[in-house]
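Heads up: the structure comes next, in structure tokens.
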Amino acid sequence: MASSKKALPVDPAIKERNQKRLRRIEGQVRGLQKMVEEDRYCADIMTQISSVHEALRSVGRELMRNHLKHCATNAIRSDEASAEAMYDELVDMMYKHSR
């Protein structure tokens, strides 16, 4: 599942913002585990799950924007083979992440 590709440098402020979001999400997931352990009301747990989903989507949007702005732009401008590979990657990403 892991790719051997390395991302182009990301704006340090964006990277820090994403790291903070992911740490917050990690805390939310730990909270969910505790809610399940404590047999909390199912609707409350589902509400928290929705919050985690939205937080992850927010990080995903930021990463997608960065990917398009830097990685995709660089590949598309470099040569035809790189551009074609990037188009395929983008279509695959949109398909996988639109479910």
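The values are calculated or read from the model by the stated rules, or taken from the named source; none is laboratory data. Source: prediction; values computed, not measured. No Cβ is skipped: glycine too gets one built from the backbone with ideal geometry, and neighbour counts run over all protein chains shown.
Checking each residue in the range 51-82 for being hydrophobic (A, V, I, L, M, F, W, C) and either surrounded by 14 or more Cβ atoms within 10 Å (Cβ to Cβ) or within 30 Å of Arg24 (Cβ to Cβ) (or both) picks out Val52, Ala55, Leu56, Val59, Leu63, Met64, Leu68, Cys71, Ala72, Ala75, Ile76. Pairing each residue of the range 13-42 that is modelled with pLDDT of 95 or more and of a type in the set (Lys, Arg) with any residue that is surrounded by 11 or more Cβ atoms within 10 Å (Cβ to Cβ) and not in a helix (DSSP H, G or I), provided the two are 6+ apart or on different chains, yields C-beta distances under 9 Å for Lys34/Arg40. Which of the residues belonging to the range 83-97 are acidic (Asp, Glu) and surrounded by 13 or more Cβ atoms within 10 Å (Cβ to Cβ)? Within the range 83-97, Glu89 is the sole residue that qualifies.
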